Structures are given as structure tokens and as C-alpha cells.
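The values are calculated or read from the model by the stated rules, or taken from the named source; none is laboratory data. For clarity, every value in this text was computed on a predicted model and none was experimentally measured. Cβ atoms come from the backbone with ideal geometry, glycine included; neighbour counts cover every protein chain shown.
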Amino acid sequence: MCSVTLIPNVGAYALSPKILQIRRVKLATMSEPLTPVTRDELDSLYYDWGAASGTAGTSGTAGGDGPVYPECFLSELGNELTLVKAPTINDIASLIVVRLPLLQFTLSTSPEIAERHHDGLLDWAAHLAYMKNDSDTLNLNLAAVYEKKFTERFGPMPDAYTEKMRRELPRRQRMRPREFGS
């Protein structure tokens, strides 16, 4: 989890290059999290939404009746968070993100994942060791055994297409597979 300090009438915020995906955005002044949207949805909802530096619709107060709050967020642009309708007040956005480790993992440091999973990392290390192209260590059968053990514990590694779809499709639009005839 991380936070971003929001500035009035600013809709786009640069994030750390270590952030791979934004899962959730919730403002301190709002009770519900913002809805993720795609670029195509924004194009259909708002005319020329990108022309105002990451804001869409009107910026400023709505007829002077009070503050304007973001309606949704876009995070397809790599390491940038775009709020649709820039807030007109100071606020703090709490983000739940998927990111790379903050510190380089070395022999003198500990991985950032929960300690109860540290021993599971040994299966991946064994897999990599048995994949080494060396006459003393190469053993594809043992490499497959340790890769299977690692995958059973941590799940399959996502491919590039899966990562792209997670970024582009908000959760509410994703389809769940069904068995034929269901």
C-alpha cells in the first residue's frame, strides 16, 4: 500500500517505476474506492477527456456548490495515475499496488514477502540451479519437479498477455470462464 498527496485541480500523478499495477484507489474524503476505467470507456464517456492534463469533464467546483471529487481512475499509462475529474480540494489517495521489491535482494538481506513463504523460495532456487547448463548440475527432471512445487505454492507465473489484460480491463468487465453447457 502507498499513498499519493493530491493537489487541487491536478488529475495526473507520476508514480514510482517499481509500481507494476494499481489494484485500488481510495481517497481519504470518500467512503468508496474509485472505479478503474479503460481508455476506451473514457473516450465513450467524455469528449476530449485527455486535453485537460489528465482531467475529464469540468474542473473546479460544480456551479460553486462544493468540492469536485474524482469519479474514477485510469492507470494504463505505465507509472502514472490519472484521476478522472481532478479533485478541487487537498486529499490523500491510498493505493493498493503490485510492485517490484524496494530493495535489491542480496545474501545479507531478506525478501520482502512474508517470512512464512521464505522456504518456498528455495524450490524456485533449486529449479534454477538444476536448469544451469553445466554437466554437473543440469537435470531437467529435477528442475521440473521443483518448478511444480513452487507453482503449487505460489501459483502460475503470469505471462505478458495476462498482465496486459489486468491493466486494461477493470475488474467489473472481466469474464469468468464457464464450463461448456453451464
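Kindly indicate which of 55, 61, 29 is of a type in the set (Val, Ile, Thr), touching a Pro at 6+ places or on another chain (Cβ under 7 Å) and either closer than 15 Å to residue 9 by Cβ or modelled with pLDDT of 80 or more (or both). Explain how you work it out, then say what you get.
Details: 55 fails: touching a Pro at 6+ places or on another chain (Cβ under 7 Å); 29 fails: touching a Pro at 6+ places or on another chain (Cβ under 7 Å).
The unique qualifying residue is 61.
Annotation: of all residues in segment 1-44 being of a type outside the set (D, E, K, R) and free of Cβ contacts under 8 Å to residues at least 12 places away in the same chain, the one that is farthest from residue 92 (Cα to Cα) is 44. Modelled with pLDDT of 85 or more, outside any helix (DSSP H, G or I), surrounded by 13 or more Cβ atoms within 10 Å (Cβ to Cβ) and in contact with a Phe, Trp or Tyr (Cβ under 6 Å, 6 or more places away or on another chain) - does that describe any residue in segment 109-128? Taking every residue of segment 109-128 in turn, none turns out to be modelled with pLDDT of 85 or more, outside any helix (DSSP H, G or I), surrounded by 13 or more Cβ atoms within 10 Å (Cβ to Cβ) and in contact with a Phe, Trp or Tyr (Cβ under 6 Å, 6 or more places away or on another chain).
Is there a residue being more than 30 Å from residue 9 (Cβ to Cβ), in contact with a Gly (Cβ under 6 Å, 6 or more places away or on another chain) and not β-branched (Val, Ile, Thr) anywhere in segment 86-98? Step through it out loud before you land on a result.
Here is the first cut: in segment 86-98, the residues more than 30 Å from residue 9 (Cβ to Cβ) are none.
Within segment 86-98 (the criterion being more than 30 Å from residue 9 (Cβ to Cβ), in contact with a Gly (Cβ under 6 Å, 6 or more places away or on another chain) and not β-branched (Val, Ile, Thr)), the answer is no, since none of the residues qualifies.
Do we find that residue 73 is more than 17 Å from residue 5 (Cα to Cα) and either touching a Pro at 6+ places or on another chain (Cβ under 9 Å) or in the same structural domain as residue 38 (by TED's automatic domain parsing) (or both) in this structure? No: the conditions fail for residue 73.
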